[in-house]
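Down below is the structure, laid out as structure tokens.
Just so you know, all these numbers are worked out from the coordinates, no wet-lab data involved. Just so we're clear, the structure is a prediction, and the values are computed from it rather than from any experiment. A quick note on method: Cβ atoms are made from the backbone with ideal geometry, for glycine too, and the neighbour counts reach across all protein chains shown.
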Amino acid sequence: MTNLTPALRRAKTAVRKRRWQAAVAVVAITGAVAVWLVATRTFPYHSLNHDEGVYLQQASMLLEGRLFVRPPVADAFRPWFFVEDGDRLYPKYSPVPAAIFAIGKLAGGSRLVLPGLAAAILALVALVVREVFDRRTGLVAAIAVLCSPLFLIETAVFLPYAPTAMLNLSFAYAYLRADRTGDLRCAGAAGAAIGAAFFARPYTAILFAVPFIGHACWTLSRDFRRALPRQATTAVLGLGGVGLALSYNAVVTGSPLLFPYEAFAPLDGLGFGRRRILEHEIEYTAGLALRSNALVLRSFVTEWLVGGLVGAALAAAGIGVAVRRGLSARAAVLAGQALTITVGNVYFWGNFNILGDIDRAGTGLIATHGPYYHFDLLLPVAAFAAVGALALFDAVRRRADRSLSPQGARAAVVAVVLVSALAVGGVTATTLDGKLERNEAVTETYERVYDPLDDGTIEEPAVVYLPTPYGDWLAHPFQALRNDPGFDGERIYALDERPFDVADEYPDRSLYRLAYRGTWAPHAGSPQGARLQRVDRVAGETVALNVSVGVPKTAGSVSATITTDEGSATYVADGVSTASEAQLLVTADAVRLRGTGWNTTSTVPVGEGDDIALTVFVDRGPGSSYSYRLELPVRAENGTVRALTPSVERCSAIRECGGEAAYLPDSAPEGTFVRTDLTALNRERD
């Protein structure tokens with residue numbers, strides 16, 4: 001019988017291990033499904049963070065073996081956050097997250113990688129915390145991460161924080177396992193993982209790894225000969241990742257020490273003082289840094305962590321429990337991470353930027369995406385929250401066992417667990433629901449804008465000119481509309497900056513122009529709609545634009561203003577009818593207005609490359625007047641005038657005109673309409 005006892009113990013241990021593994025697998029699969037649902041239902045057109053398009057564009061480039069793209073027309077194809085380097089462009093971000101997203105594309109779709117990331121992160125959290133504490137604590141910690149809104153939302157988008165966290169967690173598990181077993185293969189895996197994490201996000205990896213570096217130094221001081229082989233293995237392979245990052249810099253930017261991030265915006269990085277990216281600039285003082293990070297951390301513990309303040313309180317209690325029990329060196333590493341990640345982020349002004357208006361809560365990307373620069377903080381907080389929760393559970397069970405009958409004790413413990421779960425779950429569900437609603441409102445707006453592109457009216461191959469609400473960038477904000485790296489896909493998306501050059505580059509493609517109505521503010525439900533307009537190309541000695549616009553019977557007068565780069569002129573119609581018709585005649589050097597009721601023979605000079613604006617103002621008295629604005633791109637070459645179909649806006653106020661007041665035929669008020677016909681004439685007809 002004595003010989004069976006060790007065997008039985010091993011069998012029981014194996015059963016408990018299999019059960020634990022099965023439980024972790026259930027948590028990981030649940031997380032994968034949850035993230036898939038969030039990614040596909042909440043973010044079908046991607047999110048308010050336009051960096052997603054950068055990584056997906058970069059993933060496409062990597063799949064074609066490209067580090068650079070070379071647009072066929074300068075200034076017309078620059079994607080968001082790409083650096084200009086002569087005739088080529090490259091992303092400002094590291095290729096590591098993009099390479100991970102590319103795995104999904106290889107499998108059939110980029111989003112397929114997101115559930116995999118979710119499952120890997122949850123399993124690794126369980127494994128890391130098991131290495132530090134025990135299996136039970138590891139499982140509860142994984143559940144805590146799964147139920148945190150920050151994990152569910154940030155893992156469902158194509159941003160680098162979840163992929164980098166996966167690499168950091170891989171490092172943590174491999175390092176701790178190597179520390180326990182002395183396995184050099186695990187030590188090597190740890191080095192490779194943290195090297196890849198450094199390549200992905202250097203500062204994030206450093207903040208995560210500093211406590212482990214401290215632990216490595218401590219092990220070397222205690223037993224130098226035994227610890228040296230595994231720590232050296234980890235260090236060498238980790239430095240290999242650093243070398244890869246510096247080599248990539250040398251290829252892309254020309255200098256190993258110049259990161260693409262810095263090449264794009266030299267003052268957009270770590271440190272205090274003047275910080276700047278594009279047109280956004282502030283003086284990032286230590287006081288502003290502390291205030292910003294205090295607000296970010298408050299948001300983390302109240303809104304983005306499982307249970308909110310309850311989860312944070314459990315984590316604080318868990319640290320106290322761990323200290324009381326005798327804080328091990330391995331547990332001190334996790335506690336140290338809470339310090340390095342929190343303090344280290346003070347030095348980075350990005351935590352100020354995600355707040356939006358620092359004096360007004362609920363603004364900025366933190367409202368929809370959370371404190372994503374603190375994503376790695378989920379590990380130590382979840383670990384110690386698990387310690388605290390289990391200590392509380394054990395205390396309740398011991399008290400019940402002493403005070404109640406066995407059946408009563410079991411009932412009391414179950415009741416406490418259920419009430420606690422409902423309380424924590426209720427707080428988490430309410431918070432998560434609010435975050436999802438914010439993002440779903442953005443998605444509803446995106447659906448309205450993208451709908452004209454998805455209704456099957458485009459004749460491919462095609463070129464689509466896109467509006468520029470944030471300046472001359474592609475995929476900012478239209479992340480879902482990206483070009484193939486070779487600019488040769490069925491649909492080409494271009495800025496409307498050099499329309500003739502783009503049209504000449506693709507002479508056999510149909511042309512379209514996307515326009516929207518309403519200020520670009522998806523979080524506020526605007527724009528209200530969009531229109532995809534077919535664009536025709538005409539050329540001749542004279543170009544004629546025939547225009548007919550609707551005029552309400554209550555209108556007092558109608559006037560027309562022609563504006564070019566060379567001058568302008570305003571004309572008043574002789575009378576008012578329910579439709580006002582006019583014709584613009586454009587020659588190589590002038591444009592004039594003619595038509596019934598427009599008794600004028602004067603002309604306005606036109607430049608060689610010009611956008612002629614025709615504004616028809618309908619006067620209905622203060623507060624009721626409106627205007628139609630048509631912008632006709634023209635180019636004169638050797639006596640021949642070329643023109644493209646004009647953009648059309650209907651503006652309730654003069655300030656609305658300029659890109660955000662597209663005329664939408666299906667939703668225009670009764671009696672308002674615009675009809676145009678663009679033709680080319682070999683000679684002007686009287």
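Report the charge-dipole magnitude of region 537-681 in Debye, nearest 20, computed about the Cα centre from +1 at each Lys and Arg Cβ and -1 at each Asp and Glu Cβ.
340 debye
Sort 159-165, 203-209 by the packing proxy (mean of other Cβ within 10 Å over each peptide's residues), most packed first.
Numbers: 159-165: 24.6, 203-209: 22.6.
Answer by packing, highest mean first, reads 159-165, 203-209.
Under 5 Å between amide H atoms, partner at least 5 residues away or on a different chain: which partners does ASP496 have, H built in plane at 1.01 Å?
LEU466
What longest region of the chain stays clear of GluC sites (Glu not before Pro) that DSSP places outside H, G, I, E and B and that have at most 16 other Cβ atoms within 10 Å? Intermediate values should be presented prior to the final figure.
Details: sites that count: GLU64, GLU279, GLU459, GLU490, GLU497, GLU541, GLU566, GLU608, GLU670, GLU684.
Maximal segment without exposed cleavage sites: 65-278.
Is the shape of region 214-343 best called rounded, prolate or oblate, per the rule: a/c under 1.5 gives rounded, else a/b larger than b/c gives prolate, else oblate, with a ≥ b ≥ c the square roots of the Cα gyration tensor eigenvalues?
Judged from the Cα gyration tensor, region 214-343 comes out oblate (a/c at least 1.5, b/c at or above a/b).
To the nearest 10 degrees, how steep is helix 184-200 against the longest Cα principal axis of the chain, on a 0 to 90 scale?
30 degrees
With N residues in region 181-264, what two-decimal value do you get for its Cα radius of gyration over 2.2 N^0.38 Å?
Cα Rg divided by the expected 2.2 N^0.38 Å: 1.22.
Could you tell me which Cys residues in the chain have no other cysteine's Cβ under 4.7 Å from their own Cβ, answering none if every one has a partner?
Among the cysteines of the chain, those whose Cβ sits 4.7 Å or more from every other are CYS147, CYS186, CYS217.
Along the positive direction of the dipole of the chain (beta-carbon charges: Lys, Arg +1; Asp, Glu -1; about the Cα centre), which of THR234, CYS651, THR13 reaches farthest?
THR13
Ranking PHE264, PHE77 by Cβ neighbours within 10 Å, fewest first, what do you get?
With the fewest neighbours first, PHE264, PHE77 line up as PHE264, PHE77.
³J(HN,Hα) across region 9-19 via Karplus (A = 6.51, B = -1.76, C = 1.60, θ = phi - 60°), whole Hz, x for Gly/Pro?
Couplings: 4, 5, 5, 5, 4, 5, 5, 4, 5, 5, 4 Hz.
Hey, what angle do you get for helix 202-222 against the long axis of the chain, alpha-carbon based, 0 to 90 degrees rounded to 10?
20 degrees
Among LEU62, LEU146, THR676, which residue has its Cα furthest toward the positive end of the charge dipole of the chain, with +1 on Lys/Arg Cβ and -1 on Asp/Glu Cβ?
The one lying farthest along the dipole's positive direction is LEU146.
Hey, what did the chain get for relative contact order, percent, Cα under 8 Å, at least 6 apart?
Reported as a whole number, the value is 12 percent.
Rounded to the nearest 5, what % of the DSSP beta bridges within region 435-586 are antiparallel ones?
Around 70 percent of the beta bridges assigned by DSSP in region 435-586 are antiparallel ones.
Say R0 is 22 Å: what FRET efficiency, to the nearest 0.05, do VAL323 and ARG298 get from their beta-carbon distance?
The pair VAL323/ARG298 has a calculated efficiency of 0.35.
Relative to the Cα centre, what is the charge dipole magnitude of the chain, using +1 at the beta carbon of each Lys and Arg, -1 at the beta carbon of each Asp and Glu, and rounding to the nearest 20 debye?
5540 debye
How much net charge surrounds LEU632 when only other residues with a Cβ under 10 Å from its Cβ are counted (Lys, Arg +1; Asp, Glu -1)?
Net of charged neighbours comes to -3.
Please determine, in degrees from 0 to 90 and to the nearest 10, the orientation of helix 161-181 with respect to the longest principal axis defined by the Cα atoms of the chain, where the helix direction is its Cα long axis.
On a 0 to 90 degree scale, this one is about 20.
Out of every Cα pair in the chain, what percent are spaced more than 50 Å from each other?
Details: 65425 of 234955 pairs.
Counting pairs separated by more than 50 Å, the tail of P(r) holds 28 percent.
Using the per-residue mean of other Cβ atoms lying within 10 Å as a proxy for protection, in what order, highest first, do the peptides 228-235, 448-455 fall?
228-235, 448-455
Scaled to the compact-protein estimate 2.2 N^0.38 Å, what is the alpha-carbon radius of gyration of region 118-206, rounded to two decimal places?
Taking the Cα Rg and dividing by 2.2 N^0.38 Å, one obtains 1.08.
Using unit Cβ charges (K, R positive; D, E negative) and no other charged atoms, how large, in debye to the nearest 20, is the dipole of region 181-264 about its Cα centre?
That gives region 181-264 a dipole magnitude of about 300 debye.
For region 537-681, what class follows from the C-alpha gyration tensor (a ≥ b ≥ c being the square roots of its eigenvalues): rounded when a/c is under 1.5, otherwise prolate if a/b is larger than b/c, else oblate?
The shape class here is prolate.
Using the 2.2 N^0.38 Å rule of thumb for compact globular proteins, work out how region 527-596 stacks up: its C-alpha Rg over that value, please.
1.33
Which whole-Hz ³J(HN,Hα) couplings does region 116-122 yield from phi under the Karplus relation 6.51 cos²θ - 1.76 cosθ + 1.60, θ = phi - 60°, glycine and proline marked x?
Running phi through 6.51 cos²θ - 1.76 cosθ + 1.60 with θ = phi - 60° gives x, 4, 4, 4, 5, 4, 5 Hz.
Between region 521-554 and region 119-186, what is the separation of their alpha carbon centroids in Å?
Each part's Cα centre sits 53 Å from the other's.
Using θ = phi - 60° and the Karplus curve 6.51 cos²θ - 1.76 cosθ + 1.60, what whole-Hz ³J(HN,Hα) does each residue of region 228-240 get, with Gly and Pro shown as x?
With the stated coefficients, region 228-240 comes to 4, x, 6, 5, 5, 4, 4, 5, 5, 5, x, 5, x Hz.
Cα centroids of region 298-365 and region 431-476: how far apart, whole angstrom?
Computed from Cα coordinates, the inter-centre distance equals 34 Å.
Sum -39500 (n - 2.57) across every DSSP H segment of at least 4 residues in the chain, then divide by the residue count to get the 222 nm mean residue ellipticity, nearest 500.
Value at 222 nm, helices only, nearest 500: -16000 deg cm²/dmol.
Over region 599-686, what lengths in whole Å, largest first, do the semi-axes of the equivalent ellipsoid take, defined as the square roots of 5 times the eigenvalues of the alpha-carbon gyration tensor? Kindly include the intermediate steps, with their values, before the conclusion.
Working: eigenvalues 154, 43, 36 Å².
Result for region 599-686: semi-axes of 28, 15, 14 Å.
Please rank ARG491, ARG675, ARG275, fewest neighbouring Cβ atoms within 10 Å first, as an exposure proxy.
Going from least to most buried by this count: ARG675, ARG491, ARG275.
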